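What follows is one structure encoded as structure tokens, with my remarks underneath.
The values are calculated or read from the model by the stated rules, or taken from the named source; none is laboratory data. For clarity, every value in this text was computed on a predicted model and none was experimentally measured. Note that we place each Cβ from the backbone using ideal geometry, even for glycine, and neighbour counts take in every protein chain shown. Note: areas computed on protein heavy atoms with side chains; ligands, DNA, RNA excluded. Shrake-Rupley method; radii C 1.70, N 1.55, O 1.52, S 1.80 Å.
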Amino acid sequence: MPAWICRTCGVQYPESGEPPAACPICLDERQYVGWGGQQWTTMAELASDRAVVLREEEPDLIGVGVEPAFAIGQRALLVRTPRGNVLWDCVSLLDDAARAGISELGGIAAICMSHPHFYGANVEYADSFDARIFIPRADQQWVQRPSPRIEFFDDDAEPVPGITLARIGGHFDGAAVLHWPAGSEGRGALLTGDTITVVPDRDWVSFMWSYPNLIPLDEPTILEIARRAGRFRFDRVYGGWWGRVVLHDGAAAVRRSAERYVARMRGQRP
Ligand SMILES: [Zn+2]
């Protein structure tokens, strides 16, 4: 029996003879059901005309994407550490070449995701690499494929020693970031998916309740996101897509972007 994958959000569901009746993640107002109605695929079908690509972002940080792009089109990130590797966010496809490539890089000890839109095929990745999965308790309701590997946490977790997973909220109550102190040549990197999204002007980031439907967040939530991210020291911010990276002074970019967001909501313009 196949484990069905939603064609719009790319999230994988448990094995079943028939596809699920609906995708709760796409029915939520932060997403949308595809214009042609709910459609499903399988990993075997995806593998017939797509492939996983592994591409180095910086030393010990490998982007994991799918080409041609599928569903939301995010790329995940494999953080390599001496105490085990962490897969940050996930994609919908795991093919033989990726399995071999990731094994060569040291495999995966833990998987954690910024938010439910990037859950992808996380259980399939975890089963393949015997990895732990960390999900914030606040987003427990969004888990579509249960697994005994999933460990729920409240505000912080340490998926491998030296790496911090922190729930900072906003886009989802459980929206999280991953702090990698060794990133950017030891200046630190914050991996954010679109909990904090890196915008085309890469000196800036933004924050939304819904990205596809452009539903904003409120002032107290924006300030709280900035406060919670502010406890970390980081130079780079890695958003959820290829190229969406604040290359330097990321902590200041998050701070001034939160301030600008609040100022615009108050009607203040440059
Ligand atoms: Zn969906």
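Data for the structure
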quantity: Matching residues, segment 180-214, being under 16 Å from the mean Cα position of the chain (by Cα) and among the hydroxyl-bearing types (S, T, Y); calculated: T192, T195, T197, S206, S210, Y211
quantity: Segment 257-270 residues that are within 13 Å of I196 (Cβ to Cβ), paired with ones that are of a type in the set (V, I, T) (beta carbon under 7 Å, 6 or more apart); calculated: S257/V205; A258/I222; A258/I225; Y261/I222
quantity: Meets criteria (more than 9 Å from the ligand (Cβ to nearest atom), of a type in the set (V, I, T) and in contact with a strand residue (DSSP E or B) (Cβ under 8 Å, 6 or more places away or on another chain)) for I62; calculated: yes
quantity: Residue satisfying condition, being among the β-branched types (V, I, T), over 13 Å from the mean Cα position of the chain (by Cα) and not in a loop (DSSP other than H, G, I, E, B), within set V53, V64; calculated: V53
quantity: Residue ID - farthest from the ligand (Cβ to nearest atom), chosen from residues in segment 1-41 that are of a type outside the set (A, V, I, L, M), within 30 Å of R80 (Cβ to Cβ) and in a loop (DSSP other than H, G, I, E, B); calculated: G10
quantity: Per-region count, segment 215-248, residues over 21 Å from the mean Cα position of the chain (by Cα) and crowded, with 16+ Cβ neighbours inside 10 Å; calculated: 0
quantity: Residue within segment 68-84 that is more than 25 Å from L190 (Cβ to Cβ) and within 14 Å of the ligand (Cβ to nearest atom) present; calculated: yes
quantity: Some residue of segment 74-86 being in contact with a helix residue (DSSP H, G or I) (Cβ under 8 Å, 6 or more places away or on another chain) and open to solvent by 20 Å² or more (accessible area, probe 1.4 Å); calculated: no
quantity: Among the candidates W142, W88, residue that is touching a Pro at 6+ places or on another chain (Cβ under 7 Å) and either under 24 Å from C23 (Cα atoms) or touching a residue at least 24 places away in the same chain (Cβ under 8 Å) (or both); calculated: W142
quantity: Conditions (1) open to solvent by less than 40 Å² (accessible area, probe 1.4 Å); (2) under 30 Å from G188 (Cβ atoms): number failed by A3; calculated: (2)
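Conditions (1) touching a Cys at 6+ places or on another chain (Cβ under 7 Å); (2) β-branched (V, I, T); (3) under 24 Å from F234 (Cβ atoms), marked per residue:
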| residue | (1), (2), (3) |
| --- | --- |
| F70 | no, no, no |
| G101 | no, no, no |
| A121 | yes, no, no |
| D127 | no, no, no |
| E158 | no, no, yes |
